[in-house]
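Quick notes on the structure that follows.
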Amino acid sequence: MISAAQIPIFIVIVPFLAAFLISIAGLFKEKYCQPLSVLAMSVSLYAAVATLIHVINHGVIHYHLGGWPPPIGIEYVIDHLNAMVLVIVSFVGFIVSIYSKKSVEQELPDKIPQFYTLYNLLVTGLLGITITGDAFNLYVLLEITALTTYALIAVGRGRAALSGFNYLIMGTIGASFYLLGVGHLYIMTGSLNMADLHQLLPSLYGSGAIFIAFLLILIGVWLKMAFFPMHGWLPNAYTYAPSSTSCLVAPLMTKVSVYVMIRIMFSVFSPKFTFQEFSFHEIVVWLAVVAIVGGSLFALTQKDFKKMLTYLIIAEVGYMVGGVWLANHNGIMGAVLHILNDSMMTLCMFLVVGIIVYKTKGHHFDNLGSLYKKMPFTMAAFTIGALSMIGVPPTAGFFSKWYLILGAIDANQWEFLVALIFSSLVNVVLFFRIIEFAYYPSFSNQHGDAHGSEKIDEAPASMLVPLLIVAAGLLVIGVFTGKIVTYIIQYTIPNGL
Amino acid sequence: MKAIGLITVFSLGMALFYATIDFPPWADPQSPASLHVSPHYIQETMKETDVSNVVTSVLADYRGFDTMFETSVIFTAGIAVILILRKYSKKEDEKFLPEVSEEAEPDIIIQTVTRIIVPFIQLFALYVIAHGHHSPGGGFQGGVILGASFILLAISFNLKAMLRRISERKDILLGGIGLLIYSGIGALCVLLGANFLNYKVLHLIIPEASQVEARSYGILGVEIGVAIAVMAIMIAIYANLSSDGKYDKGL
Amino acid sequence: MELILAKYNYWIYVFLMMIGFYAMIVKNNLVKKIIGMSIFQTAIILFYVSIGAKKGATIPIIEHHAHSGAIDPAHYINPLPHVLMLTAIVVSVSTLGVALALILKIYHQYGTVEEDEILEQIQ
């Protein structure tokens, strides 16, 4: 009865419907909330994969909501780029929904239905941002993701409420800037549909209002992705959030924002406008360089594992933004590939942190003592993730870095090359330091109960299995990078570049 | 900090002033915004949806997908407030709570007037919801008025008086049901073989309705869902904020 | 003079927006930040609604007897910005609710809503 043409809508609608079912189910039986969430995520993941395969075989999909053709109605446009991002988002949503069970039971025992309701809405929001072809629809979904994230972060420990509030202020400024930019586009063209805007805008490229619109949207999106110099809210917000929240938000939020930036730059505006009329791209690459170097240096000064990772996220955002703004083939390819790789690497790292928090009740370096003996599987996964963050072949992280380096050479932007290599070296120091901490018993433990704590004390299977899948995924992606590039990534390069 | 703030604000202001130079003059019927997409809505709404209030038809049909997420933004806010504030245990420390000096005397005039006026407010709310097709109104406005009638009860009596009429459980249930009505109508369209939220296929299950009338009924259906959800969530947000998540006496 | 008459609506929105933005990023009191946020969002609503205006047009409700004849779009204001702003109003109300909840939580945690005092307590 349901035709194959309807599959794209299920990616978004199933988690959306599940959110309300979960909130109702929570009133009767709390234990149904998490399985319902897993079920919804798996359907969504299945639909996303089916859509990706369809896009690879048959090209771009257009789905008209309400049956109204664009620009009158809202449409979904799924091409290679967002089909890939959809799979990433629904995969991360699926993995974390399995993983979160124990950790939510420990951290938010009396708020389980609310947590999973917001969790599903958050994933819906991220999927909706990715799939939509309408500039205003994107804003509405941006706000859903934002509101859910504020709440999910604010229920964490310590300074969580304050960092949640700061994030709320910055996030609202970002979303409002985006909305203002869309308003400027609307007043100049009368359309909200991205493809329609793409057609209408070239005749207006000289106009100051369009220029300001582009700037406003860019600044709004940069605020959302914590690009330098608008990164201040991120480290605290992600550090104090509950483990399951940061596992979901840290890999996805920044990457989806990067996706939105690429979409705005190339699908609403055009490469010609972005790189020729708007000749700022060298400055943006310099900002990216500062983000990479600054993020790495701040990460070096941290004594807290999770906080260190949050600074690395800022550096990784620099990778992707810089790669896109290198304005050449290899740079953009590297950036898009890095969206995939970095979301997997960050997911892997935060899953490890979540397990450490679950077992040792903290994420300070002191909590890491002799973890290699206590949790061999977790730490093996961590090692793969760390190698990937550093960029050692054949892990996934190497290949995107390689493309980014090629792009930097093509663009003659040597400072970006230096920043990439510098950050890889810093990552070597950072992760080997952690491996050292985790190999030996921690200093405070050395004298006390050193004997009792050496036994194997592995994480529960519901946390360990997702982590191992992700870690294996890092290797698989690394091995199949060539295939991914031929089938997906090379189509994401905009025409006229 | 202040200086940086001022500089940022002024550079933003300058940029926006600069952008206004290129804007078409205010209220110009020949501006691009008035010529490109919107004429279609004004000219075709009667023919395509049978709804004379163009704002309603655009809101619930042409851009109905936006509105569905808009409703879920409210729902999100309600659940978020519950997640942040609700305290199920009673042993929360209250060291920073302002001391309530003495209990406010219940005022007989206010309570009597409230008792009389609440049914009329709710009746008006139903009118606003149902008449959204032909006059200003619709699900959001009607839902807020409905919610306000309950909040009025809570203010003039106390929170308990409101919770006796609509308990916390029922409230969350209603919020979920409201959104399930909206997205359920959308999903029903998919089951009947059309795109999501394409109400015209509802003529297959609504007796004696043409495709255009089916759109009109579909809009009414989602407006009712919106109204229920908005009402429930407004009440939930008020109850949590006013009682600090404890659902006791309230303000 | 003509320029002022033609654009003053947009200038007012810019001015309102600057007030709100200033309060959001500079004010020390968290509640004042939220008030700034509301002004900021209201300014955007004013901007959008201004886009929808048409001289000499009426509210976008089609008269029933106009059903048969052709409908002139110039007689009715542009409905689309109004729809969009209904969404923006809803979003700003929701954000306000969550922000107030967060402030309540912060107040319970630190006993104050002044940002500098909170930061002092953390250090």
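Every number in this text was worked out from the coordinates using simple rules, so none of it is lab data. Source: prediction; values computed, not measured. Glycine gets a Cβ as well: all are built from the backbone with ideal geometry, and neighbour counts include every protein chain shown.
Overview of results
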{"quantity": "Of A:K29/B:K87; A:K255/B:K170; A:K306/A:K373, those spanning more than 27 Å from alpha-carbon to alpha-carbon", "calculated": "A:K255/B:K170"}
{"quantity": "Cα-Cα separations in the protein assembly as shown greater than 36 Å, expressed as whole percent", "calculated": "46"}
{"quantity": "For region A:303-313, Karplus couplings with θ = phi - 60° (6.51, -1.76, 1.60), whole Hz, Gly/Pro x", "calculated": "10, 10, 4, 5, 5, 4, 5, 5, 5, 5, 4"}
{"quantity": "Dipole magnitude (debye, nearest 20) for chain C, charges at Cβ of Lys, Arg, Asp, Glu", "calculated": "220"}
{"quantity": "Order of A:I22, A:I469 - criterion: other Cβ atoms within 10 Å of each residue's Cβ, fewest first", "calculated": "A:I469, A:I22"}
{"quantity": "Average other protein chain Cβ within 10 Å of Cβ, residues A:393-404", "calculated": "0"}
{"quantity": "Neighbour-count order for A:F437, A:F165, A:F269, B:F17, fewest beta carbons within 10 angstrom listed first", "calculated": "B:F17, A:F437, A:F269, A:F165"}
{"quantity": "For chain B, calculated [θ]222 nm from helices alone, where every DSSP H run of n ≥ 4 adds -39500 (n - 2.57)", "calculated": "-22000 deg cm²/dmol"}
{"quantity": "Size-normalised alpha-carbon gyration radius of region A:258-297, reference 2.2 N^0.38 Å", "calculated": "1.36"}
{"quantity": "Inverse of mean 1/r across different Cα pairs in region A:114-242, Kirkwood, Å", "calculated": "15.5"}
{"quantity": "Subset of A:K272/A:K401; A:K307/A:K359; A:K224/C:K27; A:K102/B:K246; A:K359/B:K246 violating a 24 Å alpha-carbon distance limit", "calculated": "A:K272/A:K401; A:K102/B:K246; A:K359/B:K246"}
{"quantity": "Check: region A:280-497 dipole with +1 on Lys, Arg Cβ and -1 on Asp, Glu Cβ, in debye", "calculated": "340"}
{"quantity": "Gyration tensor (alpha-carbon) shape descriptor, chain B, a/c threshold 1.5", "calculated": "oblate"}
{"quantity": "Crossing angle, helix A:461-479 versus chain A [Cα axis fit, 0-90 degrees, rounded to tens]", "calculated": "50"}
{"quantity": "Hz values of 3J(HN,Hα) by residue in region A:158-171 - Karplus curve (6.51, -1.76, 1.60), Gly and Pro given as x", "calculated": "x, 7, 4, 4, 5, 5, x, 5, 4, 5, 4, 5, 5, x"}
{"quantity": "For B:K246, distant residues with modelled amide H under 5 Å away", "calculated": "B:K87"}
{"quantity": "Whole-Hz ³J(HN,Hα) from phi, Karplus 6.51 cos²θ - 1.76 cosθ + 1.60, for region C:70-83, glycine and proline x", "calculated": "6, 9, 8, x, 6, 7, 10, 5, 5, x, 4, x, 5, 4"}
{"quantity": "Lysines whose Cα lies under 25 Å from that of B:K200, excluding same-chain neighbours fewer than 8 positions away", "calculated": "B:K47"}
{"quantity": "Per residue convex hull volume, Cα atoms of chain A, in Å³", "calculated": "133"}
{"quantity": "Residue-averaged 222 nm ellipticity for chain A, from DSSP H runs of 4+ at -39500 (n - 2.57), nearest 500", "calculated": "-24500 deg cm²/dmol"}
{"quantity": "Dipole moment magnitude, nearest 20 debye, chain A about Cα centre, only Lys, Arg, Asp, Glu C-beta charged", "calculated": "760"}
{"quantity": "Against the rule of thumb 2.2 N^0.38 Å, how large the Cα Rg of region C:55-123 comes out", "calculated": "2.16"}
{"quantity": "Acute angle (nearest 10 degrees) that the helix C:30-52 long axis makes with the longest principal axis of chain C, alpha-carbon atoms", "calculated": "10"}
{"quantity": "Volume per residue that the Cα convex hull of region A:280-497 spans, once the total is divided by residue count, Å³", "calculated": "103"}
